[in-house]
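Novice: This is the structure, below, for whatever I ask next.
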Amino acid sequence: MSQRSRNLPRRSCLSSPGSSERFLQKATSVPADMSFLDLEDSVAPAEKVAARKKVVQAIRDLDWDDRVLCVRINAWDTPWTYQDVIEVVGESGARLDEVMLPKVQSASEIVALDLLLTQVEKNVGLPVGHIGIEAQIETTKGLIEVESICAASARLETVIFGPADFAASMEMPVLTGGIQIDDYPGDHFHYVFSKILMAGRANGLQVIDGPYLKVRDPEGLVDYCKRTSTLGYDGKWALTPDQVTVINSMYSPTQELFDKAWNILDAYKAATSSEGKGAVMFGDEMIDEASRKMAMKFVSRGERAGLKRSSNG
Ligand code: GLV
Ligand code: MG
């Protein structure tokens, strides 16, 4: 399994078109937790083949620090997928952590990619299982099948919601993917967000929200981040450096909650070990084993985001 990247943070996942050397170079200086070099929808059909070489070169030659590094290949219903994998995985070397498969419709698409990756890894001398998979859920069929998709391969590291393609697949009456529909009484994506989150978590995956396309609207982005960060999503795509800044902050626990989580762990440990109790008061709250589990999630997420416990915490 792709151990290096599996548990790295993915608060901000920066998209860069694989056909643009300038954007690929620029991406290395943006402090995103994860970068993906795109061969899919941000690359024009006439540029698809040439973009593979640019992406390989960028992975080999540029300094990507220790972020998660991924290439989004084209979906299985195009003519490009297998050659994307053979060329990009075959020539990029060990620095490539994962490939992202868009428009996943069934578990068999993940299995097919897993098998192809195994052959390429064997041929080029990478450890089998080195390359992880990110699965994009962005069609009605993909959402219906999301539970089996998330369980389809040990290579899977994340599941991602793609709001723009999903809105098209649902034939929603919108022209900007992912934004709130004012006339709808509630959040029209609530069911989708929850369903993907449950399927991902049930299989130990990180769960990521897709792009917010109004790139000059930081307030709208904050609102949109709240829709999934409050549910428990790990992160969100970013299309610009400014979006990375907002997203890194919106998907990190606050210092206050991080410190509180540590204090709960300490109080619970003292109660269970020296006092022999399973439930104990913490301030004006009762805490027990479930509280310990919630606190552990905050601690590991905060640590992944680089937080340190305050000395007076
Ligand atoms: C992303 O790929 C989307 O379709 O929203
Ligand atoms: Mg899409």
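Novice: Accessible area per residue for the chain in Å², computed with a 1.4 Å probe and the full protein assembly in place, what is it?
Specialist: Computed with neighbouring chains in place, this is 46 Å² per residue.
Novice: What is the ratio of the Cα radius of gyration of the chain to 2.2 N^0.38 Å, with N the residue count, to two decimals?
Specialist: Relative to the 2.2 N^0.38 Å estimate, the chain comes out at 1.05.
Novice: Per the Kirkwood formula on distinct C-alpha pairs, the Rh of the stretch 72-201 is how many angstrom?
Specialist: Result for the stretch 72-201 stands at 15.6 Å.
Novice: I would also like to ask the following. Quick check on the stretch 271-313: take the gyration tensor over C-alpha atoms, sort the square-rooted eigenvalues as a ≥ b ≥ c, and tell me if it's rounded (a/c under 1.5), prolate or oblate.
Specialist: Prolate shape, in that a/c is at least 1.5 and a/b is the bigger ratio.
Novice: Further, regarding this structure: Enter the Cα centre distance for the pair the stretch 1-51 and the stretch 216-242, rounded to the nearest angstrom.
Specialist: 18 Å
Novice: Among 270-280, 166-176, 236-246, how do they line up from the highest to the lowest mean number of other beta-carbon atoms within 10 Å?
Specialist: The peptides rank, most packed first, as 236-246, 166-176, 270-280.
Novice: Give the lysines whose C-alpha is closer than 19 Å to that of K141, dropping any in the same chain fewer than 8 places away, or say none.
Specialist: Filter leaves K103, K195.
Novice: Short version: ³J(HN,Hα) in whole Hz for each residue of the stretch 302-309, in order, from phi by Karplus 6.51 cos²θ - 1.76 cosθ + 1.60 (θ = phi - 60°), x for Gly and Pro, what are they?
Specialist: With the stated coefficients, the stretch 302-309 comes to x, 5, 4, 8, x, 6, 10, 5 Hz.
Novice: For the chain, give the percent of accessible area contributed by carbon and sulfur heavy atoms, probe 1.4 Å, rounded to a whole number.
Specialist: 56 percent
The values are calculated or read from the model by the stated rules, or taken from the named source; none is laboratory data. The structure displayed is predicted, hence computed values, not measured ones. With ideal geometry, Cβ positions are generated from the backbone for all residues, glycine too; neighbour counts draw on all protein chains shown. Remember, those area values only see protein heavy atoms, side chains included, never the ligands or the DNA or RNA. Shrake-Rupley method; radii C 1.70, N 1.55, O 1.52, S 1.80 Å.
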